[in-house]
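Worksheet: one structure, shown below.
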Amino acid sequence: MSSFQHPQLAVPPPLMMSEPGTFAHLTLTQRWPAIAQRTIAENEFSSNIVTNLETLVRELFEGKIRLLEDDYAADQAEWTTYLHPYLDRPWLEVPWFLAEVYFYRRFLEATQYFQPGAWQGFDPFYTQKHTGLVTSLEKVRAVSSQIDSLHQSSDRSKTDVVSEAHVVLLLHNALWGNQADLSLKPTVDLVFQSDAGSEQEQTQKTHVLVDDTDKLLEWLTKQGKERSHRIDIVADNAGFELVCDLYLIDWLLKPTPFTVYLHLKTHPTFVSDATIADVHHTLTVLSNDGEVNVQNLAERLRNYVAIGRLQLEADPYWVSPLALWQLPQRLYRELSQSDLIILKGDANYRRLLGDCHWPFTTRFEAIACYSPSPLLALRTLKSEIIAGLQPEQIELLNQTDPNWLTSGEWGVIQFANFPHLTLQ
């Protein structure tokens, strides 16, 4: 493990599924069984796999935490370490984040993902991911049209000034694309408006609870062109969100001297989390689209991958149940070379905060101070955890939207830069 500092403050207890009425409790009692049932219905699994998944669902209520029985998997030893403190405990008595990562890992064990045979390497969530991507293509074309309009109105290559309009558009697309989470909604029903003055867009702007876009713009403006820069993006969901991330990456890579490292999952998890295979599949779908601008995006990104300006990374850490301050040394050293880390989505935000009961008014920077590089978090709220809010915000939200913490209708754009990390 790494030896760098933890959050400045004492770390509070983790979110637990044993807390009645919480989203964590709902996850175990309703969401996970529904995910298993849907996945069985969508795949022609063998009877053994179906039995395995049905057994896993029963264990959620009747069984206890056990070690993995996945002899062909490279991560079995690590999971033995993760699970040792919780062996033989009921699922309800385990911290939510660990239990959730463990559930999806047990899902792969049940579907024989690592076992030699007919199902080895098969993504049990492929159908949902592919359907989500294909049904979002109309919205993808709307995004493409928006961005093309901005390109026509300004030529970024002729100025050293960061285009505020581009940053705002791409950040907000990347943020609200995070609403597309198949572990929460069995179908993707995103509302995307190409009209900048639309009521939906204005609502989205008011639903950004913390918006540090100006801080990011200031940081970007200070990045000179005398040397190359590295940006690391920790991806969340495949489908529409990944496409929005790819548009952001495309903007970063032309014509600025950035290299982008896109961090993905080593195996399927959380239903729609993006893997390297998902990126390649997405580029294939985009390249076959009828819209020329969409095809060109795929072509440019494939070229960036070929020449090494876009690096697709998949470290096993990102499918572990560890907090972000428990980064392994290899990954900490790598991210220390980054000029900016962009952390996408709710699960990564939970990892950043250790999935703990921080008071919602806790300063975001006081928790994220352990980051090895400046950090930008783009996240729509889908769990009962957040930092950096004002007391009056919390009071108003509790009065106007009882589900504000979990509905995905509210978001944050939080930027943390620390004096010891400031670039010279």
How many residues does the range 251-266 contain that are modelled with pLDDT of 95 or more and assigned to a helix (DSSP H, G or I)? 0
Matching residues, the range 106-142, being in a helix (DSSP H, G or I), touching a residue at least 24 places away in the same chain (Cβ under 8 Å) and over 18 Å from residue 277 (Cβ atoms): 106, 109, 110, 135, 137, 139, 140, 141, 142
Does the range 267-277 contain any residue that is part of a helix (DSSP H, G or I) and not assigned by TED's automatic domain parsing to the domain that holds residue 101? yes
Among 271, 260, which is touching a Leu at 6+ places or on another chain (Cβ under 6 Å), β-branched (Val, Ile, Thr) and over 27 Å from residue 330 (Cβ atoms)? 271
Cross-chain or 6+ apart pairs with Cβ under 6 Å, the range 393-406 first and within 14 Å of residue 210 (Cβ to Cβ), then aromatic (Phe, Trp, Tyr): 394/360; 397/404; 404/410
Looking at 42, 69 in this structure, which one is under 26 Å from residue 93 (Cα atoms) and of a type in the set (Asp, Glu)? 69
Considering only the range 383-391, I want to know if a residue exists there that is over 28 Å from residue 204 (Cβ atoms), in contact with a Lys or Arg (Cβ under 7 Å, 6 or more places away or on another chain) and either in contact (Cβ under 8 Å) with a residue 60 or more places away in the chain or not assigned by TED's automatic domain parsing to the domain that holds residue 268 (or both). no
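Being of a type in the set (Phe, Trp, Tyr) and not in a loop (DSSP other than H, G, I, E, B) is the filter; apply it to the range 47-87 and report the residue that is surrounded by the fewest Cβ atoms within 10 Å (Cβ to Cβ).
So, considering only residues that are of a type in the set (Phe, Trp, Tyr) and not in a loop (DSSP other than H, G, I, E, B), the one surrounded by the fewest Cβ atoms within 10 Å (Cβ to Cβ) is 61.
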Given the conditions (1) in contact with a strand residue (DSSP E or B) (Cβ under 9 Å, 6 or more places away or on another chain); (2) assigned to a helix (DSSP H, G or I); (3) not polar (S, T, N, Q), and given that residue 394 satisfies all but one, which numbered condition is not satisfied? (1)
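Among what's in the range 6-30 and is within 24 Å of the chain's Cα centre (by Cα) and in a loop (DSSP other than H, G, I, E, B), pick the residue that is modelled with the lowest pLDDT.
The qualifying residue modelled with the lowest pLDDT is 6.
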Looking only at the range 415-423, decide whether some residue is at pLDDT 95 or above and not hydrophobic (A, V, I, L, M, F, W, C). no
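The values are calculated or read from the model by the stated rules, or taken from the named source; none is laboratory data. Owing to the predicted nature of the structure, the values given are computational and were not obtained by experimental measurement. All Cβ positions, glycine included, derive from the backbone under ideal geometry; neighbour counts span all protein chains shown.
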